[in-house]
1. Can you go through Phe45, Phe55, Phe64 and tell me which one is out of contact with any helix residue (DSSP H, G or I) (no Cβ under 8 Å at 6 or more places or on another chain), among the aromatic types (Phe, Trp, Tyr) and surrounded by 13 or more Cβ atoms within 10 Å (Cβ to Cβ)?
2. Taking the stated definitions as given, is Ser77 in contact with a helix residue (DSSP H, G or I) (Cβ under 8 Å, 6 or more places away or on another chain), at pLDDT 85 or above, closer than 23 Å to Ile4 by Cβ and surrounded by 12 or more Cβ atoms within 10 Å (Cβ to Cβ)?
3. Out of the range 80-99, which residues are of a type in the set (Gly, Ala, Ser) and surrounded by fewer than 16 Cβ atoms within 10 Å (Cβ to Cβ)?
4. Does Arg36 meet the test of being over 21 Å from Ala5 (Cα atoms), surrounded by fewer than 13 Cβ atoms within 10 Å (Cβ to Cβ), of a type outside the set (Phe, Trp, Tyr) and out of contact with any Pro (no Cβ under 9 Å at 6 or more places or on another chain)?
5. How many residues does the range 45-76 contain that are free of Cβ contacts under 8 Å to residues at least 24 places away in the same chain and on the phi < 0 side of the Ramachandran plot?
6. Quick check on the range 104-120. Is at least one of its residues surrounded by 14 or more Cβ atoms within 10 Å (Cβ to Cβ) and assigned to a helix (DSSP H, G or I)?
Amino acid sequence: MGLIARLSRVVPLVIVLALAAGIIYLVVTYRHSPARAKEVLIQAFTWLCGILSAFFALASVYAFFDNAPAVLDLTLSFLAVTLVGLGITRLANRRFLKHNPSYRKKRLAATTKRRPPWQR
């Protein structure tokens, strides 16, 4: 019963992450292409899950030293969800790059050549 109670507390976090993923995917698909939308979605969620993992890890450490077992249990549940999400996005990134090798190459930075105005 404890596992079900823990999972029910993280449902709002999972719903918010799913809604954010849907919005990001729809906007980037509309502006660019579905492949570009997948790439942006993977990058955004890798970043977001990394930030959330760091936040929940710090909150867990604080709750541990503050002797707050209920808060520690909640933050560890959220930390587990974000770490699973981070793992899933890393696997999705590997699969995406396997099927879309053209996205593996990073874009080169533009360079400008300075010329005096009289050499046009």
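1. Phe55
2. no
3. Ala80, Gly87, Ala92
4. No.
5. 21
6. Among the residues of the range 104-120, not one is surrounded by 14 or more Cβ atoms within 10 Å (Cβ to Cβ) and assigned to a helix (DSSP H, G or I), which makes the answer no.
The values are calculated or read from the model by the stated rules, or taken from the named source; none is laboratory data. Since we're looking at a predicted model, the values are computed, not measured. Positions of Cβ are generated from backbone atoms using ideal geometry, with glycine treated the same way; all protein chains shown enter the neighbour counts.
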